[in-house]
Amino acid sequence: QVQLVESGGGLVQPGGSLRLSCAASGGVFSIYIMNWYRQAPGKQRELVATISSGGNTNYADSVKGRFTISRDNAKNTVYPQMNSLKPEDTAVYYCNARLALVVYWGQGTQVTVSS
């Protein structure tokens, strides 16, 4: 059983930056594909960024060039660095660990982009 705890959310002005963290425990972190999803009010949860066990990354078109995902396997942590934030980035951000059909979710952290 893997436990995921997100942190780093908050209120930021448009154009600002935030770095979220997702700390994992209870499993072999390095073998999991790590994903970040977000869900805005009234919208479906969407995949924002992915980093494989080997460090390969993929991003949603809406965040490409602004968000960077990285992982530190020694610290069992994955970090999405979010720059040039826009009001439409406002959402609850969720960390997800996936290995084949096994999926774990964190509890989410709120990110609000507003002046």
Computed magnitude of the charge dipole of the chain (debye, nearest 20; Cβ of K, R +1, Cβ of D, E -1)
60 debye
Taking θ as phi - 60°, what are the ³J(HN,Hα) couplings along segment 78-91 by the Karplus curve (6.51, -1.76, 1.60), each to the nearest whole Hz, with x for Gly and Pro?
10, 10, x, 8, 10, 10, 6, 5, 10, x, 6, 7, 4, 4
Rel. contact order, % - alpha carbon contacts under 8 angstrom, at least six apart, the chain:
36 percent
Computed ³J(HN,Hα) along segment 45-55: with the Karplus parameters 6.51/-1.76/1.60, θ = phi - 60°, integer Hz and x for glycine or proline, the list is 5, 10, 6, 9, 7, 9, 9, 7, 4, x, x
Calculate how large, on average over all directions, the projected area of the Cα convex hull of segment 1-41 is; give the answer in nm² to one decimal.
4.1 nm²
Students often forget the sequence filter, so: which lysines lie under 19 Å Cα-Cα from Lys75 once same-chain residues fewer than 8 apart are removed?
none
Cα shape, segment 58-115, gyration tensor, a/c 1.5 rule
prolate
Need the list of lysines near Lys64 for cross-linking: C-alpha distance under 21 angstrom, and skip anything on the same chain fewer than eight residues off.
Lys43, Lys86
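FYI, it's all coordinate maths here, none of it is from the lab. Everything numeric here is computed off the predicted structure, so don't read it as measured data. Glycine also receives a Cβ, built like all others from the backbone with ideal geometry; neighbour counts cover every protein chain displayed.
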